[in-house]
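Okay, structure first, notes after.
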């Protein structure tokens with residue numbers, strides 16, 4: 001049960017065992033906007049303290065985004081480059097897993113090494129993190145299917161060139177409606193994935209829990225802290241749009257910054 005002192009501090013006890021899951025009791029704290037700012041500041045400190053690790057993971061993610069974009073352009077699937085690149089952000093929490101370990105070691109004054117950081121991805125909840133990644137990948141597939149369906153609904157089977165598509169999307173009512181419908185659909189799917197991954201990935205890296213418990217805990221943390229968590233989601237979305245607008249050139253820095261900040265947000269959200 002939640003004690004009177006815990007209630008006065010605005011925390012809530014979750015016992016995953018009540019849903020048949022064998023995991024330790026977790027405590028969700030109440031967050032404020034100051035926690036979001038502090039998490040972002042902590043992420044910047046960690047990135048400056050150990051930049052090579054974060055830049056390495058960020059560069060891998062950037063190269064993956066460029067490869068996807070090039071493949072789609074080469075196969076005349078340019079009409080799904082934007083939704084797939086934005087949807088590619090759904091797997092970012094798992095690419096940033098190494099950043100969580102770097103932040104964990106910096107916080108606990110443990111030695112940093114490539115073997116320790118990379119090994120943690122597989123040894124610290126690696127299998128459960130994989131299951132969580134599978135859920136997000138499935139959501140990415142749904143996102144892609146919706147994008148293709150909306151394109152066919154608005155433009156039919158005739159595939160316009162890239163310049164024709166840009167002109168249609170920016171100068172015609174049908175194109176404007178297509179952009180609105182596509183972005184709204186993507187936002188709904190993205191927020192659902194954000195809700196189940198906001199703190200679940202670092203939780204799996206840090207504690208011995210299963211991925212279902214981690215997703216439930218993350219969703220509960222978002223549900224109990226709507227205003228700060230929505231502002232955090234908006235900030236992530238804005239920074240990723242900046243990355244897309246710059247051809248992903250800022251992504252090697254933005255990804256580790258958000259990864260380290262996510263660790264600090266997790267530490268503030270889960271007692």
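Some notes on this structure:
- Checked against the criteria, residue 211 does not count as modelled with pLDDT of 80 or more, farther than 30 Å from residue 263 by Cβ, crowded, with 17+ Cβ neighbours inside 10 Å and in contact with a helix residue (DSSP H, G or I) (Cβ under 8 Å, 6 or more places away or on another chain).
- Of the residues making up region 85-120, those that are within 30 Å of residue 154 (Cβ to Cβ) and surrounded by fewer than 19 Cβ atoms within 10 Å (Cβ to Cβ) are 85, 91.
- Breaking point among (1) under 19 Å from the mean Cα position of the chain (by Cα); (2) surrounded by 12 or more Cβ atoms within 10 Å (Cβ to Cβ); (3) farther than 17 Å from residue 263 by Cα, for residue 195: (3)
- Taken over region 219-236, the criterion of being in contact (Cβ under 8 Å) with a residue 60 or more places away in the chain and either more than 12 Å from residue 198 (Cα to Cα) or over 12 Å from the mean Cα position of the chain (by Cα) (or both) is satisfied by 220, 221, 224, 225, 227, 228, 229, 231, 235.
- Test: residue in region 168-186 that is more than 21 Å from residue 66 (Cβ to Cβ), in a helix (DSSP H, G or I) and touching a strand residue (DSSP E or B) at 6+ places or on another chain (Cβ under 8 Å): no
- Options 68, 60, 28, 36; residue that is surrounded by fewer than 18 Cβ atoms within 10 Å (Cβ to Cβ) and at pLDDT 85 or above: 60
- Of the helices (runs of 4 or more DSSP H) lying entirely inside region 92-146, the ones with 1 or more residues being closer than 22 Å to residue 261 by Cα, without any contact (Cβ under 8 Å) to a residue 24 or more places away in the chain and over 16 Å from the mean Cα position of the chain (by Cα) are found at 97-107, 114-123.
- Any hit, region 164-183, residues being under 26 Å from residue 133 (Cα atoms), surrounded by fewer than 18 Cβ atoms within 10 Å (Cβ to Cβ) and modelled with pLDDT under 85: yes
- Subset of region 147-160 [touching a residue at least 24 places away in the same chain (Cβ under 8 Å) and either within 28 Å of the chain's Cα centre (by Cα) or part of a loop (DSSP other than H, G, I, E, B) (or both)]: 147, 148, 150, 151, 159, 160
- Flag if residue 229 is in contact with a helix residue (DSSP H, G or I) (Cβ under 7 Å, 6 or more places away or on another chain), buried (at least 17 other Cβ atoms within 10 Å of the Cβ), at pLDDT below 90 and over 18 Å from residue 58 (Cα atoms): no
- Positions within region 232-246 being in contact with a helix residue (DSSP H, G or I) (Cβ under 7 Å, 6 or more places away or on another chain) and more than 17 Å from residue 95 (Cα to Cα), in sequence order: 232, 233, 244
- From the list 49, 67, 39, the one residue that fits, being free of Cβ contacts under 8 Å to residues at least 60 places away in the same chain, touching a helix residue (DSSP H, G or I) at 6+ places or on another chain (Cβ under 7 Å) and at negative phi, is 49.
The values are calculated or read from the model by the stated rules, or taken from the named source; none is laboratory data. All values derive from a computational prediction rather than experimental measurement. Neighbour counts run over all protein chains shown; Cβ positions are idealised from the backbone, glycine included.
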